[in-house]
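First the structure, in the form of structure tokens, and then the observations on it.
Read-outs: derived from the displayed coordinates by stated rules, not from any lab. Because the structure is a prediction, the values reported are computed rather than measured. For neighbour counting, all protein chains shown are included, and Cβ atoms are generated from backbone atoms with ideal geometry for every residue, glycine included.
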Amino acid sequence: MDNKLTQQITDWLNTPRAQRDINDGAMMLLRLNNNRFLYANILRRPDKFADKLEYELRKHLRIRLDNMTMADVVRLEAHVIPAAEKTLATPPAVISTDDELPEAKVARGRRVDHDRLPAAVQALWDNNLQLYKTIKNVFEQLKTMERAEPCDRYEYLKILDEADKKYRANLERYDGFVIGNEPDASPAVQDATDNATDDQAARKINAARKTLSKYKKILAKSLEQDNAEKADTAKEKILDSVAAIRNAGGIVGAAVTAELLALGININDDAQA
């Protein structure tokens, strides 16, 4: 991998938008995807394709910073999708009715001695309920992107892989914990710390979603009023919000992606206009 190119992309993206050399950015993207049609469009209409150029370079930069190639992404998908399917086949929180006590509800997979476990170990179960939702949501998102290029699917595959691995590790620790066996408690304590980190990420994602929602409305109004300066500011805030959501491990769903596309911001679709 050309580390010099990776640094050049980083420097270009860290340059204020108004000071970026569009030609340089377009040439770097051409080296990455060999898409001469897109390259020509960017040079011909830099104002129209500036957001697309930034999105594409950020997308490739994320992969390069993880020391991944396109072949690596394909191999990652071949492993992650079957693993997630297996996880989704056995939900941890399916609620069923006991045959002898119709009014009682039990969660399959939950230990009968759950209430006697240390709080940190109980947290493993609770955390897995949320992780399962994340795995399902990201998996469904990837199903809507079957025709997308591997580089477009990468960030979702990465989130899915990390969530699935953590889910399995939590389940193993939860199922294997022996009451009174202090050494086994240490991984659970570590997971409790991880859960606190997850809470911080969730707060960041929620804040970014609120900002995204706010500036979607501002952008729509700015476009109606033909206020280019205000629209550009709104677009930048939206892109920053999208980046914040993704960096914190969240996803931007299909509905919001479609809304942004209607406003002229393409964050997923690789089709060329």
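How much length is gained on full extension from residue 43 to residue 112, taking 0.36 nm per residue of separation minus their Cα-Cα distance? Walk me through the numbers before you get to the answer.
Working: separation 69, 0.36 × 69 = 24.84 nm, distance 6.47 nm.
Stretched out fully, the residue 43 to residue 112 stretch lengthens by 18.4 nm.
Tell me, what is the FRET efficiency for residue 33 and residue 175 to the nearest 0.05, using R0 = 45 angstrom and their Cβ-Cβ distance as r?
Numbers: r = 45 Å, r/R0 = 1.00.
Once rounded, the FRET efficiency stands at 0.50.
Which length gain, in nm to one decimal place, applies between residue 85 and residue 230 when the Cα-Cα distance is subtracted from 0.36 nm times their residue separation? Could you put the intermediate results ahead of the total?
On the way: separation 145, 0.36 × 145 = 52.20 nm, distance 4.44 nm.
Residue separation times 0.36 nm, minus the Cα-Cα distance, leaves 47.8 nm.
Stretch residue 217-residue 130 to full length: gain in nm at 0.36 nm per residue minus the Cα-Cα span?
Gain on stretching residue 217 to residue 130: 28.3 nm.
If one puts a single equal scatterer on every Cα of the range 1-67 and applies the Debye formula without solvent, what log₁₀ I(q)/I(0) results at q = 0.18 Å⁻¹?
One equal scatterer on each Cα of the range 1-67 leads to -0.60.
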